[in-house]
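Nothing in this text is a laboratory measurement; each read-out follows from the coordinates by a stated rule. The structure presented is a predicted model; accordingly, all values stated were derived computationally and were not measured. Here Cβ is always computed from backbone atoms with ideal geometry, including for glycine, and neighbour counts include all displayed protein chains.
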Amino acid sequence: MHPISKPLLKWFEQFGRHHLPWQATNSSPLGGQATHSDLSYSTSNLQQFAEGKTINPYHVWLSEIMLQQTQVTTVIGYFNNFIQHFPTIKALANASEDAVLAQWAGLGYYARARNLHKCAQIIVEQHQGALPKKFEQVIDLPGIGESTAGAILSISFNQNHAILDGNVKRVLSRYHQVKGHYGQSETLKELWRLAKYHTPNKRNANYTQAIMDLGATLCTRNNPECDRCPLAQHCQAKQHNTQGNHPNPKPRKNKPTRSVAMLIYQNTAGEVYLEKRPKKGIWGGLWSLMECENDEKTIDQAIKKFDKNAKIEQKLSTIKHSFTHYHLMISPIMVTCSKNTEGFRSIAELKVGLPAPVKKIIAQLD
DNA sequence: GAGTCGTGGTA
DNA sequence: TTACCAAGACT
């Protein structure tokens, strides 16, 4: 078996991504704001320190959480905004959940944000405000599994851990032509074995970043650029021209379509009535329009319960919003409103998180 | 093991 | 237009 770490690390020095905002921060008095200097790439944590740059474990942790099931280009803007609002773990711990979700809104998978917030409070209470350095302590934190824990400790402290994210799965399953799809436990077990086999005990941080960079930039799902790949010589998929078989597509299922009515109440000040969603379920912890089943009777009952004299003012065009596992048809309905009690929020200065389609609906109101 | 949990880009 | 999915974790 040909180990990949040596050619991969060499490739990384020249072609890896070295200027992502969470990778290195200038240790200026201002702090927090990552500046992309002209300094050349770094090949080790030590060299990064030598360049006057330092790894911020909080930034690494935050980025790893944001990057779960989410692409780099999407994350960058959210990351920069987030650390501006919450510059330290302590600041994050002291913030309200609504304040955290407000900055996370639009990024999706909101349990990540709720868990991140919980983590910050645990870290302040139990770890003196600093990210713990023991693997067992990190993986015990909510929302952090084996791969994310390994990535955080590898990149932050150059500790010797393997990771197995989507990039690594794709690279290794091609390199070794691993059969089966990633959902199967047998396949996953084999991939973890290979991941640990290839992970070097030196320059671990760079290796972790390198294999993710390879997967993200060359060994992509579609049209991999094998001509530029440092691992092409011994890649089984390349040799047998079976790159397209990895990842092995999951057996497909038909997504159900659900329907819901969303009621729009505006008071005389133009504020909109919003209610906080339960922690469990879709959009947990975000604030949304009042919902009910999308049929005439239920809608009529719902609006009269809120206000006896309420009437439907206008039915807006239905929006189709697709999730990973179902489609949602949203019928927004503007309702007359005589109330002006609590629960109404100014659209202009929202300090809570809104689901993406709800934000779109409200943006269209004026 | 299979479902749940978001969103925007892309083929 | 539709389907798929990108640096997963949890139940």
### Query
A:Thr298 versus A:Ala348, label points 7 Å from Cα toward the beta carbon: distance in nm?
3.6
## Note on the structure
Longest principal axis of chain A (C-alpha) makes with the long axis of helix A:72-85 (C-alpha) an angle, in degrees to the nearest 10, of 70
### Message
Could you tell me the calculated FRET efficiency between A:Asn94 and A:Lys315, based on Cβ-Cβ distance and R0 = 35 angstrom, to the nearest 0.05?
### Response
0.20
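Please compute the contact order of chain A in relative form: average sequence separation of alpha-carbon pairs under 8 Å and at least six residues apart, divided by the residue count, as a percent.
Values: 549 pairs, mean separation 57.0, N = 366.
Relative CO of chain A lands at 16 percent.
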### Query
So what are the radius of gyration and Dmax for the Cα set of chain A, in Å?
24.0, 76
### Task
Please give the helix A:146-157 orientation as an angle from the longest Cα principal axis of chain A, in degrees from 0 to 90, rounded to the nearest 10.
60
### Task
Compute the acute angle (0 to 90°) between the alpha-carbon long axis of helix A:57-66 and the principal axis of greatest extent of the alpha-carbon atoms of chain A; round to the nearest 10°.
60
### Task
List every residue whose amide H lies under 5 Å from the amide H of A:Glu313, counting only residues 5 or more places away in sequence or on a different chain, with H placed 1.01 Å from N in the peptide plane.
A:Met334, A:Val335, A:Thr336
### Message
Taking θ = phi - 60°, what integer Hz values does the Karplus form 6.51 cos²θ - 1.76 cosθ + 1.60 yield along the range A:353-366, in sequence order, with x for Gly and Pro?
### Response
x, 10, x, 3, x, 5, 4, 5, 4, 5, 5, 7, 5, 9
### Task
Give the span of the range A:257-363's Cα atoms along each principal axis, as three whole-Å numbers ordered largest to smallest.
38, 33, 24
### Task
Could you check which residue among A:Arg252, A:Arg174, A:Arg221 shows the biggest mean-square fluctuation in a GNM of chain A with a 10 Å Cα cutoff?
A:Arg252
### Built amide H within the under 5 Å cut-off of A:Asn248, gap 5+
A:Tyr182
### Cα gyration tensor, the range A:117-274 - rounded (a/c under 1.5), prolate or oblate
oblate
